[in-house]
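Trainee: Structure in structure tokens, see below.
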Amino acid sequence: MAHAAPTATRRHHRSTANADHTARNALTRALLLGLVYGVWAAFIERRMGPVDAGNVFYGILCGALFAAVMFALNRLGPRLTRELHGAAYGAFGGIAVGYLHSLTDASVLRSAGIGLAVGAGVGAIAFYRYYTHED
């Protein structure tokens with residue numbers, strides 16, 4: 001019955017090279033999505049007028065803030081419980097979309113409603129993902 005004996009479990013250690021690669025991927029993803037968000041915000045703020053330095057600066061500022069918050073969530077999120085992790089991404093997604101919608105001169109209630117709906121959806125999807133892919 002030696003073949004039925006339990007074996008020692010293997011422990012997977014994260015190497016520093018793998019951690020650096022993961023951080024680099026997170027930074028690249030955050031910068032690319034921040035670029036898209038910044039261009040989108042600048043395009044909405046432009047209101048079909050000419051592109052000027054103010055629009056470019058506004059887009060850079062919005063994109064940099066978006067990328068910084070996304071990178072921070074990506075780095076700090078795994079330390080949170082799965083409920084808080086999902087709620088953090090839900091709040092981030094809802095605020096980001098609600099702000100973009102508010103740039104279109106929509107009412108505050110409509111922007112808040114759309115942000116709340118998107119935030120609830122993103123939060124539910126993030127919670128489901130973290131619940132099913134738990135370590």
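Trainee: Test of understanding: ordering GLU45, GLU83 by Cβ neighbours within 10 Å, fewest first, what list do you get?
Mentor: GLU83, GLU45
Trainee: Evaluate Rg over Rh across region 13-135, taking Cα atoms for both radii and Kirkwood's formula for Rh.
Mentor: Using Cα coordinates only, the ratio equals 1.05.
Trainee: Can you run phi through the Karplus equation (6.51, -1.76, 1.60; θ = phi - 60°) for region 46-56 and list ³J(HN,Hα) in whole Hz, with x for Gly and Pro?
Mentor: In residue order, the calculated couplings are 5, 6, 6, x, x, 6, 10, 5, x, 5, 5 Hz.
Trainee: Sticking with this one: If all Cα-Cα distances of region 80-135 are sorted into 10 Å bins from 0 onward, what percent lands in each bin, rounded to whole numbers?
Mentor: The percentages, shortest bin first, are 30, 41, 21, 8, 0.
Trainee: Once the piece of chain linking ARG24 and PHE43 is laid out straight, how much longer is it, given 0.36 nm per residue of separation minus the C-alpha distance between them?
Mentor: Additional length available on full extension: 4.0 nm.
Trainee: With the calculation restricted to Cα positions, what are the radius of gyration and Dmax of region 27-79 in angstrom?
Mentor: 12.7, 45
A short reminder: the numbers here are calculations on the coordinates, not readings from a lab. Everything numeric here is computed off the predicted structure, so don't read it as measured data. All Cβ positions, glycine included, derive from the backbone under ideal geometry; neighbour counts span all protein chains shown.
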